[in-house]
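Here is the structure we will look at, set down as C-alpha cells.
Just so you know, all these numbers are worked out from the coordinates, no wet-lab data involved. Source: prediction; values computed, not measured. As a convention, Cβ positions derive from the backbone with ideal geometry for all residues, glycine included, and neighbour counts pool all protein chains shown.
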Amino acid sequence: MLPPFANEALTDFSQPAAQAAFEAALAQVHARLGRSYPLVIDGREIHGLPEFASSNPSQPAQAIGHFAQGGADPADQAVAAAARAFETWKRTPVSERASYLLRAAAEMRRRKHEFSAMMVLEVGKPWNEADADTAEAIDFLEYYARQALRITDSSAQLTHSPGEALGLYYIPLGVGAVIPPWNFPCAIPTGMLGSALVTGNTVVFKPAEQSPAIAWMAAELFWQQGLPPGVLNFLTGPGEVVGARMVEHPLTRFVSFTGSREVGIHIYETTARVQPGQRWLKRAILEMGGKEGSLVDETADADEAAAGIVTSAFGFQGQKCSAASRAILVDAIYDRVVSAVVERARSLRVGAPESSHSVQMGPVVDAEAMQRILRYIEIGRQDGVLLCGGHAIETPEGGYFIEPTVFGDIPPNSRLAQEEVFGPVLAVIRARDFEHGLEIANNTEYGLTGALYSARRDRLETARRDFHVGNLYLNRKCTGAMVGVNPFGGFDMSGTDSKAGGPDYLLLFTQAKSVTERL
Ligand code: NAD
C-alpha cells in the first residue's frame with residue numbers, strides 16, 4: 001500500500017546547511033566534468049563515434065561532457081532493440097514497472113543536489129530553479145507510479161451486462177520516441193520516460209543537444225534500478241538527424257515530444273505519413289511553445305501583479321514555455337504596474353549561478369539563443385519603448401548573459417507580442433479596458449498559459465470561461481505548475497494538450513482493450 005502522493009519539498013537555500021550541501025554537490029559534479037558518454041542501445045554502450053561537447057553557458061569554454069554524434073544507423077538499431085524488448089516488457093506486471101519508478105524516485109531524492117548541481121552547470125539554472133526541476137522529476141516518478149496502478153484495469157467502471165464478464169484494460173502501445181527540450185532538463189525527460197515505461201512501452205530517448213549530461217543522469221537512474229536491456233535506449237546527436245529518424249521509423253508506435261512549435265509541427269506531419277512496412281497509425285503527443293499573457297485590470301493590487309509578472313518573466317531567464325512574456329495592462333493601472341515591474345526587474349541579481357545561491361538570473365542557454373533574443377530586443381526597440389535592460393552583459397569568460405529587459409507600449413500585433421522569445425524580455429501592452437485586454441490575451445496562435453489579476457468576481461469568471469489557454473492562473477503567477485496540482489499542457493499551437501502531471505496523462509501512452517466473455 002503506497003502512501004498518498006505528496007509534492008516533494010523545495011530546499012530553503014537561506015539555510016547555511018543547505019548552502020553547504022549544495023556547494024558540496026557542485027564540487028562533486030565539477031570533478032567529473034569533461035568525460036565522454038556513449039550511446040546505449042540494447043543495454044550495450046557504444047563508444048568511438050565522433051563527439052560534440054555540452055558546455056557551461058556561464059563560461060562556454062568549460063565542457064560539461066562529450067557526447068556521441070549519433071546518426072540514422074544508431075537510431076535504427078535503437079528502435080529495433082526497443083521493439084524486441086517490448087515483447088517482454090509489455091508483459092511485466094504493472095506493479096513491477098511502477099516499482100522501478102518508485103526506486104528511481106527514492107534514489108533521485110537521495111542525490112537531489114547532485115542532479116540540481118548538474119543543471120546549474122549545464123544549462124545555467126539558478127539554484128532554486130534547479131532544485132524545483134529535480135523536485136518535479138521526483139514528483140513525476142511518484143505520481144505516475146500511482147496513476148499506472150489506478151488506470152491499468154478499469155473493468156470496475158463498466159456498466160453491468162447480465163450473463164457477460166466484462167474487461168477494460170489499458171495496454172501499452174509499443175516503441176516510443178522520447179524527445180524532450182533542454183529547459184526542464186531533469187523534470188521533463190524523467191516525466192516523459194517514467195510515463196512511457198510505467199505503462200509498458202519501451203523507448204528510444206534522445207535528449208536535447210544542450211542538456212545531454214543531466215539527461216544521462218536521468219537515464220542512468222532508471223538503468224541502475226535493473227531495467228532490462230533494450231527497454232530504455234539512449235541516443236545523442238542532432239535532433240534533425242537522430243530525432244527525425246526515430247520519428248519516421250516504421251517500428252516507432254508513438255512520439256512523445258516537448259519542444260518548439262516548428263519542430264512539433266514537423267513531427268506532427270511526419271508521424272501522419274505511413275511508412276512502408278508500418279502497421280499502425282502513430283500517435284503524436286506534442287507539447288510546444290507558448291506566448292503567455294498576464295492581464296492586469298484596474299481593480300488589481302499593482303504590486304502583487306508586478307511581483308508575479310517579474311517572477312514569471314525572468315525566472316530561469318524567461319526560458320520557460322509558461323514564462324510571462326506579455327504584460328497586458330489596463331490603461332487605468334498601466335503606469336503603476338509598469339513602474340513596479342521595472343523597479344523589480346532592475347533589482348534582479350544577474351550572474352553565473354554556480355557562484356552563489358543568491359543569483360536570480362543566469363545566462364541564456366547558448367550563443368544561438370543569445371543571438372535570437374537580441375534580435376527580438378531590436379524589434380522591441382523599433383516597436384515600443386525600452387524601459388529597462390536591452391543589452392547583453394559582457395563577462396571575461398564570454399557567458400551568454402542578457403539584462404532583464406522590459407519594453408512598454410508594444411502594439412498587440414508586433415512580432416514581440418506574437419512570437420515566442422524564450423528569453424528575459426517582457427513586452428508590456430496597453431489595453432483600453434478588461435474586455436480589450438482579454439481580446440489581446442487571446443490574440444495569438446498559442447494557448448499554453450495565461451494569468452488574470454483582478455479583484456472582480458465577474459471578470460475572474462469571464463476569464464475562467466473565455467481566456468483560451470490550457471493553464472489559467474487567477475491572481476497568481478503563471479509559472480511553477482506542480483505535478484498532481486496543476487496538470488500542464490496547452491491548446492492550439494501550444495500542442496496536443498496532453499496535461500502532464502494530471503490524472504489523464506498516462507492514458508495517452510496506452511490503448512484500451514475491451515473484452516467481453518459470455519458466461
Ligand atoms: P526544440 O524544438 O528546438 O528541440 C526539442 C527537441 O527536439 C530536442 O531534443 C531536439 O534535438 C529535437 N529535434 C530538433 N529537430 C528535430 C527533428 N527534426 N525531429 C525530431 N526531433 C528534433 O526545442 P528546445 O529549444 O529544446 O526547447 C524550447 C521549446 O520547448 C520552447 O518552444 C518551449 O516553449 C518548449 N517547451 C514546451 C513545454 C510544454 O510543456 N508545452 C515545456 C518546455 C518547453
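Please work out the Cα center distance from the range 460-501 to the range 337-353, rounded to the nearest Å.
Distance between centres, Cα-based: 26 Å.
Using the Kyte-Doolittle scale, which helices in the chain average at least -0.5 and also have C-alpha atoms spread 15 Å or more along the helix axis, with helices defined as whole DSSP H runs?
For the chain, where a helix must reach 15 Å along its axis and average at least -0.5, the hits are 16-30, 72-89, 94-110, 112-123, 127-151, 187-198, 212-224, 261-272, 302-314, 331-346.
To the nearest 20 debye, what charge dipole does the range 88-169 have about its Cα centre, counting +1 at the Cβ of each Lys and Arg and -1 at the Cβ of each Asp and Glu?
The calculated dipole for the range 88-169 is roughly 300 debye.
With +1 on each Lys and Arg Cβ and -1 on each Asp and Glu Cβ, how big is the dipole of the chain about its Cα centre, in debye rounded to the nearest 20?
Roughly 1260 debye for the chain.
Under a cut-off of 16 Å between alpha-carbon atoms, report the aspartates and glutamates in cross-link reach of residue 282, not counting same-chain residues fewer than 8 places apart.
248, 269
Give me the number: length gained by fully extending residue 517 to residue 307, i.e. 0.36 nm times residue separation minus the C-alpha to C-alpha distance, one decimal in nm. Walk me through the numbers before you get to the answer.
Details: separation 210, 0.36 × 210 = 75.60 nm, distance 5.99 nm.
Between residue 517 and residue 307, full extension yields an extra 69.6 nm.
Looking at the chain, which longest stretch skips every one of the trypsin sites (Lys or Arg not before Pro) that is in a DSSP loop with at most 10 other Cβ atoms within 10 Å, leaving the sites themselves out?
Result for the longest clean stretch: 92-272.
Going toward the positive end of the dipole of the chain, with +1 on Lys and Arg Cβ and -1 on Asp and Glu Cβ, which of 407, 135, 340 do you reach last?
Of the candidates, 135 comes out farthest on the positive side.
So if we plug the beta-carbon distance of residue 31 and residue 358 into 1/(1 + (r/R0)^6) with R0 = 30 Å, what FRET efficiency do we get, rounded to 0.05?
Approximately 0.80, to the nearest 0.05.
What is the fewest-to-most order of 170, 400, 100 by other Cβ atoms lying within 10 Å of their Cβ?
170, 100, 400
What spacing in nm lies between the two simple spin-label points modelled at residue 260 and residue 166, each 7 Å away from Cα in the Cβ direction?
Reported label-point gap for residue 260 and residue 166 is 4.8 nm.
If the limit is 31 Å between Cα atoms, which of 90/477; 112/513; 90/499; 112/206; 90/125 go over it?
The answer is 90/477; 112/513; 90/125.
To the nearest 20 debye, what is the magnitude of the charge dipole of the range 171-330 about its Cα centre, counting +1 on the Cβ of each Lys and Arg and -1 on the Cβ of each Asp and Glu?
It works out to roughly 960 debye.
Please report the relative contact order for the chain, taking Cα pairs under 8 Å with a sequence separation of at least 6, and give it as a percent rounded to a whole number.
Over the chain, the number comes to 17 percent.
Run the quick spin-label model on residue 464 and residue 240: label points 7 Å from Cα toward the beta carbon, then report their separation in nm to one decimal.
It is 4.7 nm.
For the range 314-353, rounded, prolate or oblate, judged on the Cα gyration tensor with a ≥ b ≥ c (square roots of eigenvalues), a/c < 1.5 rounded, else prolate if a/b > b/c? Write out the running numbers ahead of the final one.
Working: a/c = 5.97, a/b = 1.56, b/c = 3.82.
Verdict is oblate for the range 314-353.
Search the structure for amide H atoms under 5 Å from the amide H of residue 65, placed 1.01 Å from N in the peptide plane, and list their residues when 5 or more places away or on another chain.
34, 54
Can you put 127, 89 in order of Cβ neighbours within 10 angstrom, beginning with the fewest?
Starting with the residue having the fewest Cβ neighbours, the order is 89, 127.
Enter the per residue convex hull volume of the range 184-289, computed from alpha-carbon coordinates, in Å³ rounded to the nearest integer.
In the range 184-289, the Cα convex hull volume per residue is 101 Å³.
Quick one: net charge of residue 375's neighbours, Cβ under 15 Å, K/R +1, D/E -1?
Net local charge, residue 375 excluded: -3.
Counting only DSSP beta bridges with both residues in the range 337-426, what percent are antiparallel, rounded to the nearest 5?
Among the beta bridges of the range 337-426, antiparallel pairing accounts for roughly 60 percent.
Principal axis extents for the chain, Cα atoms only, whole Å, descending order, please.
71, 60, 49
For a footprinting-style exposure proxy, rank 139, 12, 497 by other Cβ within 10 Å, fewest first.
Going from least to most buried by this count: 12, 497, 139.
Among 92, 54, 123, whose Cα sits farthest toward the positive end of the charge dipole of the range 30-137 (+1 at Cβ of Lys/Arg, -1 at Cβ of Asp/Glu, about the Cα centre)?
92
Residues with beta-carbon under 12 Å from that of residue 237, excluding residue 237: net charge, scoring Lys, Arg +1 and Asp, Glu -1?
For residues surrounding residue 237, the net value is -2.
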